[in-house]
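Read the structure below first, then the notes.
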Amino acid sequence: MATKKMNKKTESVAVPSVTCAEMQQGIIDRLHKGLATDKNKANNKAWWNATCLAVNELVFEKLTKTHHNHAGKDTRAVNYLSLEFLMGRLLSNNLQNLQVFKVTEEALKGLGKDLYELCDEEPDMALGNGGLGRLAACFIDSLATLGYPAIGYGIHYEHGLFKQEFQDGRQIERPDTWREYGNPWEICRPESIQLIPLYGYVETLYDPTEGAKKIWHAGQKLKGVPWDIPIVGYGAKTVNILRLWESRASEAFDWDVFNAGGYVDSQAEKSRAETVSKVLYPNDSTDAGKELRLIQQYFFCACSVKDILRRFKRANSDWNELPKKVAIQLNDTHPTMAIPELMRILIDLEGLDWDFAWDICQKTFAYTNHTLLPEALEKWSVGLFEKVLPRHLEIIYEINAQFLKNVVEKKWPGDDQKKAKLSIIEESDNRMVRMANLCVITAYKVNGVAAVHSELVKTDLFPEFHELFPTKLVNVTNGVTPRRWLKTCNPGLATLLDETIGDDWVLNLDKLKGILPKATDSKFQQRFMDIKKQNKVEMAKIIKETTGVEVSVDAIFDVQIKRLHEYKRQQLNLIHILTLYKRLLENPDYDMVPRVFLFGAKAAPGYHMAKEIIFALNKIADKVNNDTRIKDKLKVVFLPNYRVSLAEKMFPAADISEQISTAGLEASGTGNMKFSLNGALTVGTMDGANIEMAEEIGEQHMFIFGLSVDEVKDLKTKGYKPYDYYYNNPELKSVLDWLDSDFFTPGHPGLLSDIKRSLLEWGDEYLCLADYASYLEAHQKIDALYRDQAAWAEKAILNAGAMGKFNSDRSIEDYASKIWKLKKFPIA
Ligand code: NTF
């Protein structure tokens, strides 16, 4: 397809523009020449595929230009290393970012096809678990949009996050097969394959002049095959890549064994090797497959570091230049192995001395911490390390020895407790390597992901490191891309914004402020609320299709969508629902605005309580939705298989956003931002980014409840007694006791008792009972406000209009200025 400079309206943006006829021709051509079919035979999948291929023609041209632009100028680039990229679908987003959505819609319509239907054919790229992976996806969108030289590095998992089904209310996990029949967006790059050593032993050679030289004799080698996914910035000035590594055996199969009749055995090596990139690990599950996970992390880091050095060496011969040209951002501790791997390459293979190599590493790596939860801080057993990566363990020991001697001993002479706490090695019966310590010791900057979280990183998680390195710990508050999370997912609201404040909010979200004066304008309110209503109508259809439940769009859509975790407190929401249900049963005239409680959440397969909460919510939903006594005042729907593409439909349809974590435990949250951006009101605790949202929106326009971070700490120090709340609040008591009965599980009393136990006998670690009364009060206020639609609309507009800060472009500008020192190089 021919591309030209863009139309009058966005003259400054060099967007490939196509006419409707050209787009039609492009798609038909791809059907014929790319897929060997034609428009009469093709099914929707083929039409989707052909449309993607036609779009690729626009993308590839820009990709090549970006590549030449960056390589020609030998630019400094950031390499974003992340085990997770939760990309979702790419077609609609690419069309929006290329600014050819409308013309493609029109082109397909002319061919008798509906673009939205075709978009629904695309499997989600679910290469992530939740917030951390979705953040990485938003960040690479922003990096490309802002014109920064950047590469995302990840793993080309054969199976992304599991598909969730419910059987009798219980979560069943099924494999996700996102690329069973190929993926039109990816390009294989065999010219950049890497060989990755594993296992084996280390030999020490003594050279009289150079001293000891280490040689790692690997026991096995894996082949890392890169697949590139072009990342189109909005306005298409820059197209960066996401490079995903697939593991293969270095030999396809053993020819001799095959010839001798060992058909299955000849494949053993192949299947062992392919296991490494076979599945995404649900990050918050327990023990299983530790060795595989460590190999997976190392494989990914080794491929990426080698690739970074290969590109660096193309234009540079002086190692001093490396930290000037290369920034490596470690997205959590999962890619920590990149540190000892870079040390190993520089020392063992490139012959640099230790101090020089260490200096380079310390100037190259930065690390983002995403959680304070102790169970999520990665540790690997020394024994496992020694077996899989013997040379890396030696390097880590040396980094540790030097750190303890040169840094800790100098600051706190003779203080062995400090040394034990800060050491990379945890001394216990099963000695462990603490990955976070290695990251903090090495990185030149360490950031948390929201202001309160970054403070807690300094005061609670790494206080001694903060004393040692007072300028190292910084904050970069998270953000979300307005391209996907408003323009693409909520076309109604996007159009209203275009008409009201112009269309450049997409690139400058602060412009949303322009709607604040309209918050009290009844015409604007009406349009705003009509759009919400329409989005609810569409959501109601999806609910009906997937679960059979009918919901009224006049009810409040109260939504909690996020991973299932006790600290996120879906169980608090659950006991609120039970409270309302009980009130309705006791008094059928109980006056409340009808509510639809919507949930979407996957539980880690090994996380018992999380699965129990899903089961309970499903059982409660069954009962409530079929109880005619409550006259449809209450509905509960747990949508199966929560994922990015479903989220895109749920955020725009929500009235209430549930952000109810125990204060101090949700590092930031990003769903909170997406809801507000789409005009939902938040019921939330003063936690994570909720705090900064309250600063921007005004606390009085949110429903803030519960204990603050300091109050949580005080209560825990004093000694928290959940039974006090239980015995002092008869309503709470009756609701919890209900869980012991067989009311929700007829004939099987006790099936929901674990939830009650966790809240009483097991200590209610996440303080649900302490926050219950205040949560109920917040919900009363929600009910009251909704009765006044104008007042509700005003607040919803004030929320959306205040979201400028929570834009991933702003986050990336913060990283670029505070951490990466990166310059923009958009194509002219
Ligand atoms: C998550 N962390 C946090 O729990 C969220 O609060 C935060 O918004 C996202 O990261 C993105 O920063 C994780 O997923 C992990 F893996 F660190 F636990």
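Just so you know, all these numbers are worked out from the coordinates, no wet-lab data involved. Remember, predicted model here, so these are calculated numbers, not experimental data. Note that we place each Cβ from the backbone using ideal geometry, even for glycine, and neighbour counts take in every protein chain shown.
Three principal axis extents describe the C-alpha atoms of the range 469-579; from largest down they are 51, 45, 26 Å.
Taking each DSSP H run with n ≥ 4 as -39500 (n - 2.57) and averaging over every residue of the chain yields -13000 deg cm²/dmol at 222 nm. Within the chain, DSSP assigns beta bridges of which about 45% are antiparallel (rounded to the nearest 5). Add +1 for every Lys or Arg and -1 for every Asp or Glu among the other residues with Cβ under 12 Å from the Cβ of residue 698, and state the total. Local net charge: -3. Measuring between alpha carbons in the structure, the pairs from 237/270; 45/541; 45/511; 411/716 lying more than 30 angstrom apart are 237/270; 45/511; 411/716. Each of residue 252 and residue 718 was given a label point 7 Å from its Cα along the Cα-to-Cβ line. The distance between the two points is 7.1 nm.
Can you tally the net charge around residue 115? Count Lys and Arg as +1, Asp and Glu as -1, for every other residue whose Cβ sits under 13 Å from the Cβ of residue 115. It works out to a net charge of -3. The relative contact order of the chain, computed from alpha carbon pairs under 8 Å that lie at least 6 residues apart in sequence, is 13 percent.
Taking one quarter of the surface of the convex hull spanned by the alpha-carbon atoms of the range 482-803 gives a direction-averaged projected area of 15.8 nm².
Contact order normalised by length for the range 60-210, with contacts defined as Cα pairs under 8 Å and 6 or more residues apart; what percent is it? RCO, the range 60-210: 25 percent. Looking at the square roots a ≥ b ≥ c of the eigenvalues of the Cα gyration tensor of the range 195-238, which shape do they give, rounded for a/c under 1.5, prolate if a/b is larger than b/c, or oblate? Oblate, since a/c reaches 1.5 and b/c is not below a/b.
Pairs exceeding 32 Å between alpha-carbon atoms, taken from 290/487; 445/674; 278/487: 290/487; 278/487.
Note on the range 317-469: the alpha carbon radius of gyration divided by the globular reference 2.2 N^0.38 Å gives 1.03.
Value of Rg to Rh for the range 717-810, rounded to two decimals, is 1.16; Kirkwood radius and Rg both from alpha-carbon coordinates. The percentage of C-alpha pairs in the chain whose separation is greater than 47 Å is 24%.
Put simply, the C-alpha atoms of the range 77-164 give a gyration tensor, and the ellipsoid matching it has half-axes of 27, 19, 8 Å, longest first.
Here the ratio of the Cα radius of gyration of the range 765-828 to 2.2 N^0.38 Å is 1.91. Computed on the range 669-828, the Cα convex hull volume stands at 198 Å³ per residue. In the chain, taking the dipole from charged Cβ atoms about the Cα centre, the farthest positive-side position among 584, 151, 717 is held by 151. About its Cα centre, the chain has a charge dipole of approximately 2020 debye under the convention of +1 per Lys or Arg Cβ and -1 per Asp or Glu Cβ, with nothing else charged.
Summing Lys and Arg as +1 and Asp and Glu as -1 over all other residues whose Cβ lies under 15 Å from the Cβ of residue 350 gives a net charge of -1. Counting every Cα pair in the range 426-467, what percent are over 15 Å apart? Within the range 426-467, distances greater than 15 Å cover 49 percent of Cα pairs. Taken over the range 387-435, the alpha-carbon convex hull comes to 72 cubic angstrom per residue. Here, the range 396-504 is characterised by an Rg to Rh ratio of 1.27, where Rg is the alpha-carbon radius of gyration and Rh the Kirkwood radius.
Using the structure shown, select from 523/633; 109/536; 562/649 the pairs with a Cα to Cα distance greater than 20 angstrom. Cα-Cα > 20 Å for 523/633; 109/536; rest within. Annotation for the range 609-674: GluC sites (Glu not before Pro) lying in DSSP loop with at most 16 further Cβ atoms inside 10 Å of their Cβ do not exist.
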